[in-house]
């Protein structure tokens with residue numbers, strides 16, 4: 001819902017494709033500066049408590065935006081400030097949220113667990129954007145942000161019901177009290193991620209996809225309003241189609257689990273993602289675009305979930321938070337890509353910007369396959 005609401009609100013206030021990219025730049029700053037610290041924190045302190053604090057602050061940000069919109073006082077800088085604060089929260093939230101899955105299940109069921117997590121996420125992603133679009137069409141951005149604030153506080157309530165043991169970092173007892181500095185902890189995490197070839201390959205796949213392919217979503221308001229002519233509700237439907245495809249992919253991963261050839265699906269999914277976005281950018285028809293968004297969603301989750309599985313499977317528990325903080329840096333890379341695609345769209349047009357960027361991303365996956373042949377064989 002936030003993806004639809006924030007982009008639509010900013011586009012209403014500024015009518016600028018460039019600013020749709022720039023909002024990502026604001027969100028990248030905390031991720032870039034704090035991700036290493038957040039990964040170390042996830043390996044040293046209670047992951048449950050970090051999740052709770054971040055969700056409470058996010059809920060308060062949504063509530064503040066709701067009031068600003070309701071009173072007519074909302075300005076573009078409010079959108080930027082809230083994005084910055086929530087980016088800090090997300091920087092600390094994501095490593096703990098990702099690592100807590102591996103804390104809760106045996107390693108042999110990790111792929112299934114990540115698949116189940118993707119199912120839950122994509123059920124929300126298949127309904128949330130459509131709900132946001134309907135609320136914006138009926139009530140304006142106010143209705144969408146009020147609903148988001150309510151949902152965040154409900155999520156916080158259910159997070160509190162997790163057992164304390166599940167939320168405890170397995171490395172906390174070993175490392176937190178033994179004088180290991182944050183700086184040394186960060187360096188150890190970077191060193192491990194670079195030296196482990198499988199982890200390094202997974203990170204390379206997600207970084208390249210985040211730079212070239214994922215940023216197309218930044219320009220979705222332009223596709224919805226100016227190219228396909230379907231408005232905010234149509235944008236919500238496009239993201240719902242993406243969520244439906246993602247849900248199908250998540251169900252497959254949850255069901256098949258450990259039997260999946262992870263390297264093959266990781267690289268193949270990223271390549272299909274790129275070529276699917278190229279086709280979407282070239283389509284002038286809404287119904288074809290909807291079908292392509294389903295394919296894009298399927299490929300996206302296939303790649304994303306299997307990269308997460310590879311990183312968590314090949315990272316020992318005491319490094320898992322820091323490995324996932326490296327994974328989170330893909331958000332910074334995505335931000336750079338969003339800024340580039342926004343500027344490129346200003347110069348060559350929205351459709352050509354997306355075609356050029358996503359085509360480069362698909363070819364990058366082919367390059368990984370040719371230069372790192374063992375990546376295809378990752379299990």
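The values are calculated or read from the model by the stated rules, or taken from the named source; none is laboratory data. Because the structure is predicted, anything quoted here is derived from the model rather than measured. For neighbour counting, all protein chains shown are included, and Cβ atoms are generated from backbone atoms with ideal geometry for every residue, glycine included.
Quick notes
- Counting only helices (runs of 4 or more DSSP H) that sit completely within segment 1-105, those holding 1 or more residues that are over 20 Å from the mean Cα position of the chain (by Cα) and free of Cβ contacts under 8 Å to residues at least 24 places away in the same chain correspond to 47-71, 76-104.
- Taken over segment 227-239, the residue count meeting the criterion of being assigned to a helix (DSSP H, G or I) and either out of contact with any helix residue (DSSP H, G or I) (no Cβ under 6 Å at 6 or more places or on another chain) or surrounded by fewer than 23 Cβ atoms within 10 Å (Cβ to Cβ) (or both) is 5.
- Only listed residue being at pLDDT 80 or above, part of a helix (DSSP H, G or I) and over 25 Å from residue 356 (Cα atoms), chosen from 203, 154: 154
- Residue 176 being closer than 23 Å to residue 316 by Cα, modelled with pLDDT under 85 and in contact with a helix residue (DSSP H, G or I) (Cβ under 6 Å, 6 or more places away or on another chain): yes
- Residue match in segment 362-371 (condition: within 23 Å of residue 259 (Cα to Cα) and either within 14 Å of the chain's Cα centre (by Cα) or surrounded by fewer than 19 Cβ atoms within 10 Å (Cβ to Cβ) (or both)): yes
- Any hit, segment 298-311, residues being out of contact with any strand residue (DSSP E or B) (no Cβ under 6 Å at 6 or more places or on another chain) and not in a helix (DSSP H, G or I): no
- Filter result for residue 124 (at pLDDT below 80 and under 30 Å from residue 234 (Cβ atoms)): yes
- One residue stands out in segment 333-345 among those that are in contact with a helix residue (DSSP H, G or I) (Cβ under 7 Å, 6 or more places away or on another chain) and surrounded by fewer than 24 Cβ atoms within 10 Å (Cβ to Cβ): the one that is nearest to residue 250 (Cα to Cα), namely 333.
- Reported count of residues in segment 119-145, each being over 22 Å from residue 246 (Cβ atoms), surrounded by fewer than 19 Cβ atoms within 10 Å (Cβ to Cβ) and in contact (Cβ under 8 Å) with a residue 24 or more places away in the chain, is 2.
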